[in-house]
Amino acid sequence: MSGVGKGIAASSIGSILKARGFTVTALKIDPYINVDAGTMNPTEHGEVFVLEDGDETDQDMGNYERFLDITLSRVNYMTTGRVYQEVIRRERNLEYKGKNVEVVPDIPFEVIRRIEIATEKANADFTIVEIGGTIGEYQNMLFLEAARMMKGKRPDDVAFAMVSYLPIPSKIGEMKTKPTQYASRTLNSAGIQTDIIIARASVPLDQKRKDKIAMFCNIRPDHVISAPDVESIYDIPINFEHDNLSTILCDVLKVDMKNRPLRFAAWNNFVKKSKSVKEEVNIAVVGKYFNSGEFLLSDVYISVLEALKYSAYKVGKKLKLHYVGSQNFEKDSKKVSELEKYDGILAPGGFGSSGVEGILKAIQYAREHQIPYFGLCYGMQLAVIEYARNVVNLKGANTAEIDPQSPYKVIDIMIDQKKLMAENKYGGTMRLGSYPARLKKNTIARNAYKTDTIIERHRHRYEVNPEYIEQIESAGLVFSGISPDGQLMEIAELPREVHPFFLGTQFHPEFLARPLNPHPLFTEFMKAAVQRNIDNK
Ligand code: GLN
């Protein structure tokens, strides 16, 4: 079922194989019709993770990149829509040579072809393929059919792992294996026998349950891997190795494991450090996509959250994150002074008008009260708007995204985006993926990156309007990162003398933060937050 940890399980399997010295890549299959995740509402789908080549994908792709420390591309992501689109394109181009093109086998064939392309591109020893959704649902049947065919063709090259949840009903207090037994049977009815079962549960599995699952699901008891809830997701690869998962996998796939010690020291150190930090640093994320009904949706900003964590550990602190809905400040503007208690404020990316006036109030408060502020994409555009309104004195300044009639559109649509919007071409058409920027000397950005040219991932349609750059800069805001052609403002910041850290990026630095390699801007923000914490004591 969704949310049970398939993505982290897939990432963790990859990371232990990588620690054994194998080349590993990963591929995510999302069964929905959408060609990519870019057109979906964040409250519906969670974060859209942008790849280097601009593909707008699922947050699990971020987990793979972070756990495996690799860079993926669009060949590593597929959806039902993407598979059908390609089959139909090829049919129209007569590539099936007049043959009757059928759902089965032609759709599974295309799925297999894609898995093979991803494997070849990475020259991988192992390709971890995660099939989204739940066994038994209609949507992912064709992907399971592809998996079955692959196994039939190359039995020694394909292994199956099923992630299953074992509930402990509170009234009974006993862990139940029955749902797992049914899931395994349902998988059997799709022609697949799993080799390994990753048993997710709130607590570790006992031997009795391992034996029971083994008996009813036709696998060996030692192939049942216990995957209890953990304090940190980064424990999971280590836990998997306790149950010998990499050895079991190599066994199933008849891969020679000799001379392949587990090289996990750096990872272990990271996990140890993350647990040893005690003192908290309090960061408020001010945004708008937090709630779905009664539930908090922290998934929407997963990469931001992880990036903050890595930098907090790096400066020896424990991250305490506070999700602050910006609508609160719109209803009652005095509430904004509650931000005083945080060590730093971050405004993440976003779209549309809801909650924006509240975010602007928060930014103004951070600027005027010397609270470290970090704005990502929309968070940068809104910082520019706030500065234009309250410092440059351009009353009613706004982004064309919200107020096309604004007298001062300090954020405006990029020229090449205008035409796309007029034609309702929304899917995959933003300025997406990696672009370079040059950094100005003696700025926070340049000092943090320690280099003059950077490459970062983007996802936006609007930009700082060139007409206002001079006016804004002469009022004190510095555009410290600019595209090489001098056209696009990539980073805006206030000089250190004026504010301890007030910086926004047009790009999304969170997509490049890795556990063992935290992002320099996040670390700089974190240092400023820690300093505020010390100063306030
Ligand atoms: N809505 C803004 C734009 O399209 C910002 C996008 C974002 O934050 N990812 O430019």
Search result, residues across the stretch 441-470 that are within 16 Å of the ligand (Cβ to nearest atom) and open to solvent by 60 Å² or more (accessible area, probe 1.4 Å): 466
For residue 86: the one exception among (1) part of a helix (DSSP H, G or I); (2) exposed (fewer than 13 other Cβ atoms within 10 Å of the Cβ): (2)
Some residue of the stretch 282-294 being in contact with a Phe, Trp or Tyr (Cβ under 6 Å, 6 or more places away or on another chain) and either hydroxyl-bearing (Ser, Thr, Tyr) or not in a strand (DSSP E or B) (or both): yes
Subset of the stretch 68-83 (residues that are closer than 20 Å to residue 132 by Cα and open to solvent by less than 50 Å² (accessible area, probe 1.4 Å)): 68, 72, 73, 75, 76, 77, 78, 79, 80, 81, 82, 83
Residues within the stretch 415-437 that are among the aliphatic types (A, V, I, L, M) and away from the ligand (no atom under 14 Å from the Cβ), tallied: 2
Residue within the stretch 516-532 that is touching a residue at least 60 places away in the same chain (Cβ under 8 Å), buried (at least 21 other Cβ atoms within 10 Å of the Cβ) and part of a strand (DSSP E or B) present: no
All positions within the stretch 20-65 that are farther than 18 Å from residue 351 by Cβ, in a helix (DSSP H, G or I) and either open to solvent by 10 Å² or more (accessible area, probe 1.4 Å) or β-branched (Val, Ile, Thr) (or both): 60, 63
Among (1) surrounded by 21 or more Cβ atoms within 10 Å (Cβ to Cβ); (2) out of contact with any helix residue (DSSP H, G or I) (no Cβ under 9 Å at 6 or more places or on another chain); (3) not hydrophobic (A, V, I, L, M, F, W, C), the one test that residue 92 misses: (1)
Residue pairs meeting the criteria (Cβ under 8 Å; at least 6 apart or on separate chains; first free of Cβ contacts under 8 Å to residues at least 12 places away in the same chain, in the stretch 216-235; second surrounded by fewer than 22 Cβ atoms within 10 Å (Cβ to Cβ)): 220/214; 230/239
Whichever residue in the stretch 430-452 is assigned to a loop (DSSP other than H, G, I, E, B) and β-branched (Val, Ile, Thr) and, among such residues, is nearest to residue 511 (Cα to Cα): 451
Residues of the stretch 440-467 classified as in contact with a Lys or Arg (Cβ under 7 Å, 6 or more places away or on another chain) and more than 15 Å from residue 378 (Cα to Cα), total: 5
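Would you check if residue 366 is within 16 Å of the ligand (Cβ to nearest atom), in contact with a strand residue (DSSP E or B) (Cβ under 9 Å, 6 or more places away or on another chain), on the phi < 0 side of the Ramachandran plot and of a type in the set (Gly, Ala, Ser)? Steps first, answer last, please.
Numbers: within 16 Å of the ligand (Cβ to nearest atom): no; in contact with a strand residue (DSSP E or B) (Cβ under 9 Å, 6 or more places away or on another chain): yes; on the phi < 0 side of the Ramachandran plot: yes; of a type in the set (Gly, Ala, Ser): yes.
Judged against the criteria, residue 366 is not a match.
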Candidates 495, 500, 436 - the one that is out of contact with any Lys or Arg (no Cβ under 8 Å at 6 or more places or on another chain), over 29 Å from residue 49 (Cβ atoms) and open to solvent by 30 Å² or more (accessible area, probe 1.4 Å): 495
Residues of the stretch 240-281 classified as open to solvent by 30 Å² or more (accessible area, probe 1.4 Å), closer than 30 Å to residue 537 by Cα and assigned to a loop (DSSP other than H, G, I, E, B), total: 2
Top-ranked residue of the stretch 369-383 - restricted to ones that are within 15 Å of residue 491 (Cβ to Cβ) and in contact with a helix residue (DSSP H, G or I) (Cβ under 7 Å, 6 or more places away or on another chain), ranked as nearest to the ligand (Cβ to nearest atom): 376
Selection within the stretch 407-417 - under 23 Å from residue 491 (Cα atoms) and of a type outside the set (Asp, Glu): 408, 409, 410, 411, 413, 414, 415, 417
Positions within the stretch 95-131 being outside any helix (DSSP H, G or I), surrounded by fewer than 21 Cβ atoms within 10 Å (Cβ to Cβ) and not β-branched (Val, Ile, Thr), in sequence order: 95, 96, 97, 98, 99, 100, 102, 123, 124, 125
Checking residue 506 against (1) within 16 Å of the ligand (Cβ to nearest atom); (2) at pLDDT below 95, the condition it does not meet: (2)
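The values are calculated or read from the model by the stated rules, or taken from the named source; none is laboratory data. Bear in mind the structure is a predicted one, so any value in this text is a computation, not a measurement. All Cβ positions, glycine included, derive from the backbone under ideal geometry; neighbour counts span all protein chains shown. Note: areas computed on protein heavy atoms with side chains; ligands, DNA, RNA excluded. Shrake-Rupley method; radii C 1.70, N 1.55, O 1.52, S 1.80 Å.
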